[in-house]
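Asks: Below you'll find the structure I mean.
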Amino acid sequence: MGFALMSVIELVLVFSLSFFHGDEGVLSTLDGPFKPVTVPLDNSSRGKAVDLSDTDPVVQRVVEGFEPEQISLSLSATYDSVWISWITGEFHIGYNITSLDPKTVASVVQYGMYGLPITDEATGYSLVYNQLYPFEGLQNYTSGIIHHVRLTGLMPDTLYQYQCGDPSISAMSDVYYFRTMPVSGPHSYPSRVAVVGDLGLTFNTTSTVDHMISNHPDLVLLPRWDYWGRYMQPLVSKVPIMVVEGNHEIEQQAENQTFVAYSSRFAFPSEESGSSSTFYYSFNAGGIHFIMLGAYISYNKPEDQYKWLERDLASVDREATPWLVAAWHPPWYSTYKAHYREAECMRVEMEDILYKYGVDIVFNGHVHAYERSNRVYNYTLDPCGPIYIVVGDGGNREKMAIAHADEAGNCPEPSTTPDEYMGGYCAFNFTSGPAEGKFCWDWQPDYSAYRESSFGHGILEVQNETHALWTWHRNKDMYNLAGDEIYIVRQPDRCPVELGDTTMGALLDQYLEETRKENAIYYI
């Protein structure tokens, strides 16, 4: 899968007392830039990159009829709203398939504050999708009925209970719980945000998820789709999961349709954040503004995504949300041979604007290994550049990336690097710096602070408006150990950023209101 983000807030007090908090022995980015480190390969950490069997108990359907399954929670753009999603009915695979009728089952969520009677109710919409393949020998697929319901008017940092389904046919779920995000402010943050990429559904996946759950996240950034949904339900029915598309979600089918499952199965705060696409959107989690970008849709300056990014960045209030975090699938700064400089065209188009507005951290997947950069901009060490973190080591079946482009004989031919899906060619030999005249460095680049080929996940703990603790956890280690940890420190006085102005914020509000009116007219 592409990339996902999660956060768990209900254990804030426990998290604030965790063994990481206030550890004076942990270095910070103020101590950098750091001399590059490569951890030698440990073959015992390669795990079992084999898909779970269709008969494995964790992926079996355990509900009957139109009872809800694959229940998940995702955030809206602000703390006072969340999305609840689920599936009813069974999927079908075959050569001649008939889709279920979404109108046969209602989309209802009954909810209320924990400890009080469940008296509130919200309704949403439902859909089905098909995967149709015009190739001989490939069977077609039609999904169960997918439901999305948005809850609004919620209180910040509050525990809610809910159940979903169709009460008219006695097909309601058990009661689940979630806690809303804290209100945006410089002293208000989710306790922990878990970050994992390329999760897949292998035995390595189960190890990653077990380790991740042990870290009690408040939010998760991220199929054999139905099996994945069943396996993840115990976690994502109570912890919000935010996803962004990757290359495995392309799933090209008849009539050149792509990303159909991705766009159908998840709920996205696209409309709420002024986006017209499920490929890119933004949301707040306390004092953090997250921007999720699409690497598999046009990102050029004249196109919709770039224009939306300009509007979104200009509307960010850094007093209310001091931290600015971005995520997309293929990395700009990775020193592994796999996918080396594959997303260079996206970097050329978008790096300047992210730097201009002072993005603090960037998360990527795609490369199946772990790597953390020093602060970098345009391949040069820069104290005001973002920290780039590659966490494509969630555990999918393609195994780990091991070879580095700077090792003898590993530098790929430039002609092999363009992105196969987006096309274009932007990666050329470096024109300055230590690698001048070459396509790869001859040693681990200065901008690469730490790299290791091992499966795992990361945890981000923002502690105030200037300090955040980042820890990366290997699957092979004990649950309470960190393979890499560092305080990421913002320096707003040293690195002034382009501030969002009230005019742009007002324009964004106007755009959102016009969009809501257009949608209301359309659906009537």
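Asks: How far apart, in nm, are the 7 Å Cα→Cβ label points at Ser276 and Phe135?
Replies: Going by the 7 Å Cα→Cβ label model, 3.2 nm.
Asks: Compute the relative contact order of the stretch 328-373 as a whole-number percentage, counting only Cα pairs closer than 8 Å that sit 6 or more residues apart in sequence.
Replies: Over the stretch 328-373, the number comes to 55 percent.
Asks: Let me ask you something else. Under a point spin-label approximation (7 Å from Cα along Cα-to-Cβ), what is the Asn96-Met155 distance to one decimal in nm?
Replies: Label-label distance for Asn96 and Met155, simple model: 5.8 nm.
Asks: Then there's this: In this model, which of Lys337/Lys476; Lys238/Lys356; Lys301/Lys337; Lys238/Lys476 are farther than 32 Å apart at the alpha-carbon?
Replies: Where the Cα-Cα span goes over 32 Å, the pairs concerned are Lys238/Lys356.
Asks: Roughly how many Å² is the accessible area per residue of the stretch 296-398, as a whole number, for a 1.4 Å probe?
Replies: 27
Asks: Something else about it: Provide the net charge surrounding Gly124, with neighbours chosen by a C-beta distance below 15 Å and charges set as Lys +1, Arg +1, Asp -1, Glu -1.
Replies: -2
Asks: Say R0 is 25 Å: what FRET efficiency, to the nearest 0.05, do Phe430 and Ile250 get from their beta-carbon distance? Can you show the working numbers first?
Replies: Values: r = 30 Å, r/R0 = 1.22.
The calculated FRET efficiency here is 0.25.
Asks: List the residues, sorted by chain then number, that are 5 or more residues from Leu75 or on another chain and whose placed amide H is less than 5 Å from its amide H.
Replies: Long-range HN contacts for Leu75: Trp83, Ile241.
Asks: Related question: With every protein chain left in place, what is the accessible area per residue of the stretch 135-187 in square angstrom, probe 1.4 Å?
Replies: For the stretch 135-187, the solvent-accessible area averages 44 Å² per residue.
Asks: For the stretch 353-421, which GluC sites (Glu not before Pro) pass both filters: DSSP loop (anything but H, G, I, E, B) and at most 14 other C-beta atoms within 10 Å?
Replies: Taking the stretch 353-421 and a limit of 14 other Cβ atoms within 10 Å, the loop GluC sites (Glu not before Pro) found are Glu398, Glu420.
Asks: If we count every other residue with Cβ under 13 angstrom of Gln305's Cβ, Lys/Arg +1 and Asp/Glu -1, where does the sum land? Present the calculation step by step, with values, prior to reporting the outcome.
Replies: Values: positive: Lys301, Lys307, Arg311; negative: Glu245, Glu303, Asp304, Glu310, Asp312, Glu349.
In short, -3.
Asks: What does the net charge come to around Pro414 if you take all other residues with beta carbon closer than 12 Å to its beta carbon, with K and R at +1 and D and E at -1? Present the calculation step by step, with values, prior to reporting the outcome.
Replies: Details: positive: Arg341, Lys438; negative: Glu342, Glu344, Glu413.
Neighbourhood net charge equals -1.
Asks: Rank-order 101-111, 54-64, 360-370, 116-126 by packing density, defined as the average count of other C-beta atoms within 10 Å over each peptide's residues, highest first.
Replies: 360-370, 101-111, 116-126, 54-64
Asks: Take Tyr177 and Ile353, extend 7 Å from each Cα along the Cα→Cβ direction, and tell me the distance between the two endpoints in nm.
Replies: Result: 4.2 nm between the two label points.
Asks: Starting from the eigenvalues of the Cα gyration tensor, five times each then square-rooted, give me the equivalent ellipsoid semi-axes of the stretch 58-99, largest first, whole Å.
Replies: 28, 13, 9
Asks: Here's another thing I want to ask about it. Non-local amide H neighbours of Arg192 (under 5 Å, H modeled in plane, Pro and chain starts lacking H): which ones?
Replies: When sequence neighbours closer than 5 places are left aside, the close amide H contacts are Val8, Asp218, Leu219.
Asks: The stretch 341-447: which trypsin sites (Lys or Arg not before Pro) are DSSP loop and have at most 11 other beta-carbon atoms within 10 angstrom?
Replies: On the way: sites: Arg341, Arg347, Lys356, Arg372, Arg375, Arg397, Lys399, Lys438; in loops: Arg341, Arg375, Arg397, Lys399, Lys438.
Counting only loop positions with at most 11 other Cβ atoms within 10 Å, none of the trypsin sites (Lys or Arg not before Pro) in the stretch 341-447 qualifies.
Asks: May I pose another question? Counting heavy atoms of the protein chains only and a 1.4 Å probe, report the per residue accessible area for the stretch 78-128 as a whole number of Å².
Replies: Values: 2860 Å² over 51 residues.
I get 56 Å² per residue for the stretch 78-128.
Asks: Under the √(5λ) rule applied to the eigenvalues of the Cα gyration tensor, what semi-axes describe the equivalent ellipsoid of the stretch 369-449? Give them in Å, descending. Each step should come with its number before you reach the end.
Replies: On the way: eigenvalues 85, 70, 40 Å².
Equivalent ellipsoid semi-axes, largest first: 21, 19, 14 Å.
The values are calculated or read from the model by the stated rules, or taken from the named source; none is laboratory data. Quantities reported herein were computed from a predicted structural model and do not represent experimental measurements. All Cβ positions, glycine included, derive from the backbone under ideal geometry; neighbour counts span all protein chains shown. These accessible areas exclude ligands, DNA and RNA; they are computed on the full protein's heavy atoms, side chains included. Shrake-Rupley method; radii C 1.70, N 1.55, O 1.52, S 1.80 Å.
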